[in-house]
Amino acid sequence: MYRFGRKQPAGVALTALVAAAITGSCLPTGGGAPAPLTLAGAWEGAVTVRGATESLTVTFTADSPSVAGTVTAADEYAIDLPLKAATRHDSLVHLELPDAMHPGSIDARLERGRMTGSYLGEQDGDSLRGTVELWRRPPPAAPYRAEEVRFRGGEGMLAGTLFIPAGPGAHPAIVFLHGSGPQTRDSYIRWFADRFARAGVAALIYDKRGTGASEGVNWMRSSAKFPDFANDGLAGVRFLRQRPDIDPARVGMWGLSQGAWLAPIAAVRSPDVAFLVILSGGGVSPAEQELYDDEVRLRELGYSESQIGDAVALLRLGDDFIRDGQDSTWNRLQSDLARARQQPWFRYLDKFPLILPRQAWWHGSELDYDPRPTLRALRAPILVILGDHDLSTPTRPTAERITAALRDGGNPDYTVTIVPGADHAMQVGPDPWVRLRLTGQGGVPASAAAAARWDWMRPAPGWEAAMVAWVVRRARVSAPAAR
């Protein structure tokens, strides 16, 4: 629903696809025969597609035919994410990237001291083919320790990971709230937890209720509402405040996309939340946000205002059914859907709310949730970060409403910033509408396609460092020397 990166499995989720691969070494034994090629350990290198290079690290923990490993790719906001699949047959290895990244696979051959092979993947609907090469490197030591933890949420125990900075406590800390969908800690939030832990701020990430190792009803069957998910985050705050290595007066929250609605709810409910960071949302209602993302997409793809009007009317009817749950609304929606499926624009619409079942557990959702009353009541310091090329959130109305609500409520410490060129995932690259048109979702002249230089999506320059610095200042800690 509100993903981190367009059409990500949510997964809040996340937007650029980065590859992974492996290598081994071939060393002579005393008798002159080659030693077995080993995978266990860390490997660094890059994948290259159309002349553009992305760096990555893959770490393997086993050498058996069915191997286990993780992938780290800075431009993908990925760190130590488990590979979806990894198999080996003699010197041939096949890898599949985690679901938290875009679809992608590697087929490569172990050679003397390196691994080389081919990469097949996807970015923004564009099929990618490239090459990969990696070398064995000693794994770098992280300046923190990761502890597996469990704490009680609203529907049972929530499973998470706590990143604790090196050195004596008590440390400031930050709790991460998810985007929508079946989010786990094995996603973009792990990357940002690492960034904060390196700066001296402990970070708690956890599997959303009903996902991963956390208890609770599966998110697709849950009647949980925004306050319920906010309370799960507050349970994490309470858990941290009870630990002797955490300063109970310096525990904040971080939320992106759907989490940008949840974090202020939590902070208004509890004075235990010392500061907030929200990204890519939190200023308009979910209904407005969903309509925006479909309308602007169809307009940039060149559909007429009449066609866009028909599409928006269909989406509004779906929203009406969520609001009232009436048989008459459902029947009209199904009739209009049957006709709309024949239209060329239908395949570009977000499937929410068009694929909702008839069951009543959807009704009464936060479709029309207005965040402004909560923001007016907020007194905790807050940093708001938005991308000016966000195709999922209306950036200007979001910034204006949040600013007005915080000002009108008398919040003494707020910062609202718009990152130039950044999308919903705070990544930059070729103009997003050029990408959309070049990937077959809209037409552009061949000359324009030839002139456009393809590249990976990459984090907007400087935004992460600025965010971490803001938190460090509000938490009144000194950033450690650069490592």
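The values are calculated or read from the model by the stated rules, or taken from the named source; none is laboratory data. If you're wondering where the values come from, they're calculated on a predicted model, not measured in any experiment. Note that we place each Cβ from the backbone using ideal geometry, even for glycine, and neighbour counts take in every protein chain shown. Calculation scope for accessible area: heavy atoms of the full protein, side chains included, ligands and nucleic acids excluded. Shrake-Rupley method; radii C 1.70, N 1.55, O 1.52, S 1.80 Å.
Quick notes on this one:
- Largest to smallest in accessible area, the residues D232, D272 fall in the order D272, D232 (1.4 Å probe, all protein chains included).
- Using the Cβ-Cβ distance between I355 and R396 with R0 set to 22 Å, the FRET efficiency works out to roughly 0.15.
- Pairs of Cα atoms nearer than 8 Å and 6+ residues apart set the relative contact order; for region 65-107 it is 30 percent.
- Mean separation of Cα contacts under 8 Å, 6 or more apart, over the residue count of region 41-99: relative contact order %: 22
- Heavy atoms of R114 accessible to a 1.4 Å probe, total area in Å² rounded to 10: 90
- Stretchable slack from A377 to N331, in nm (0.36 nm times residue separation minus alpha-carbon distance): 12.5 nm
- Computed label-point distance, nm, for sites T87 and A469 using a 7 Å Cα→Cβ extension: 4.9
- Across region 36-160, Cα pairs under 8 Å and at least six residues apart give a relative contact order of 20 percent.
- Per-residue SASA entry for K208, accessible area with 1.4 Å probe, Å² rounded to 10: 10
- A Förster radius of 25 Å combined with the Cβ-Cβ distance from A313 to R269 puts the calculated FRET efficiency at roughly 0.10.
- E155 contributes an accessible area of around 70 Å² to the protein surface, as traced by a 1.4 Å probe with all chains present.
- E147 versus D245: modelled label distance in nm, points set 7 Å from Cα along the beta carbon direction: 0.4
- Stretching the chain fully between R323 and R109 yields a gain of 71.5 nm (0.36 nm per residue, less the alpha carbon separation).
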